[in-house]
Amino acid sequence: MLSLENISLELEVEERIVSILNDVNLNFEAGKMYALTGPNGSGKSSVARVAMGIYKQTGGRVLYNGEDITELGISERARKGIGYAFQHPARFKGMPVKDMLELAFKHSDGYNCKVLRDIGLCPDDYLERTLDNSLSGGEIKRIEIATLLALNPKVRIFDEPEAGIDLWSFEQLIDVIGNSHRKDTTTVVISHQEKILNMVDEIVLIEKGTVSMRGSRDEIWPQIKESAECSCRKNCRLEEDIYADCPR
């Protein structure tokens, strides 16, 4: 359904050009759930933002259902059926939650307050509230996810949906994301959370701007855990060596 071919990305950071992605090749199929994971700064969100058209790749192309959409902008990709939930959602001063949801439903199949209940918010308490700083980070995050569900895109990209969410809400959001996934949709979740990694069909490990591992969760997750444990043991030994002669 969605393919990234030979994607490279360079961005200007503090007046210098930095290489972010290097020859990334990924294919996301309909009916499957994927997790993009990896160290902070590895390029996970950059991969998703290239797919959505937020970042313009330096090289390579993006295909959607076989169509080259490399030159299409964010709005055009959204109309074709690609949706994105940001790690840190935007706020819109003066816009009520109700208006945002109505706008989303206008492009899907009709208005339904159930999307708010699904993500743990009472419609009566939130429909008239505005999307500004009066909402907490967790509230604005849940409302954005509700908006994405209202849009009902064929490709749904969730950038760290657990960010800013309390534990109870996190458990509920996992159920919402999983239960809303269908055979005709593609779900991509950027996350470090083990519970999310265990619910997907495939895990993609991004390291230093490249795809270092990819496969089923049963194949990849044990390797990631083993690698993390080895790194932890190495760091602990290093710390012991550093402080061995320290007169504490």
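Tell me, please, whether a residue that is outside any helix (DSSP H, G or I), buried (at least 22 other Cβ atoms within 10 Å of the Cβ) and touching a residue at least 40 places away in the same chain (Cβ under 8 Å) can be found in the stretch 90-97.
no
Please indicate, with yes or no, whether at least one residue in the stretch 164-173 is within 30 Å of Tyr126 (Cβ to Cβ), among the polar types (S, T, N, Q) and modelled with pLDDT under 85. Break it down stepwise before answering.
Taking the stretch 164-173 and keeping what is within 30 Å of Tyr126 (Cβ to Cβ), we get 164-173.
Adding the requirement that they be among the polar types (S, T, N, Q) leaves 169, 172.
Narrowing further to those that are modelled with pLDDT under 85: 169, 172.
Within the stretch 164-173, one or more residues are within 30 Å of Tyr126 (Cβ to Cβ), among the polar types (S, T, N, Q) and modelled with pLDDT under 85.
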**Asked** Which of the residues belonging to the stretch 180-193 are in contact with a helix residue (DSSP H, G or I) (Cβ under 8 Å, 6 or more places away or on another chain) and either farther than 23 Å from His88 by Cβ or in a helix (DSSP H, G or I) (or both)?
**Response** Ser180
**Prompt:** Does the stretch 194-212 hold any residues that are in a loop (DSSP other than H, G, I, E, B) and in contact with a Phe, Trp or Tyr (Cβ under 8 Å, 6 or more places away or on another chain), and which are they?
**Reply:** Asn198, Val200, Asp201
**Asked** Of the residues that sit in the stretch 175-218 and are surrounded by 14 or more Cβ atoms within 10 Å (Cβ to Cβ) and acidic (Asp, Glu), which one is farthest from Ser46 (Cα to Cα)?
**Response** Asp201
**Item:** Filtered residues of the stretch 145-200 (kept if polar (S, T, N, Q) and at negative phi)
**Value:** Thr147, Ser169, Gln172, Asn179, Ser180, Thr185, Thr186, Thr187, Ser191, Gln193, Asn198
**Prompt:** Hey, among the residues in the stretch 131-163 that are at pLDDT 85 or above and hydroxyl-bearing (Ser, Thr, Tyr), which one's surrounded by the fewest Cβ atoms within 10 Å (Cβ to Cβ)?
**Reply:** Ser134
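The values are calculated or read from the model by the stated rules, or taken from the named source; none is laboratory data. Computed from a prediction, not measured in an experiment: that's the story for all the values here. In this analysis, Cβ positions are derived from the backbone assuming ideal geometry, glycine residues included, and neighbour counts consider all displayed protein chains.
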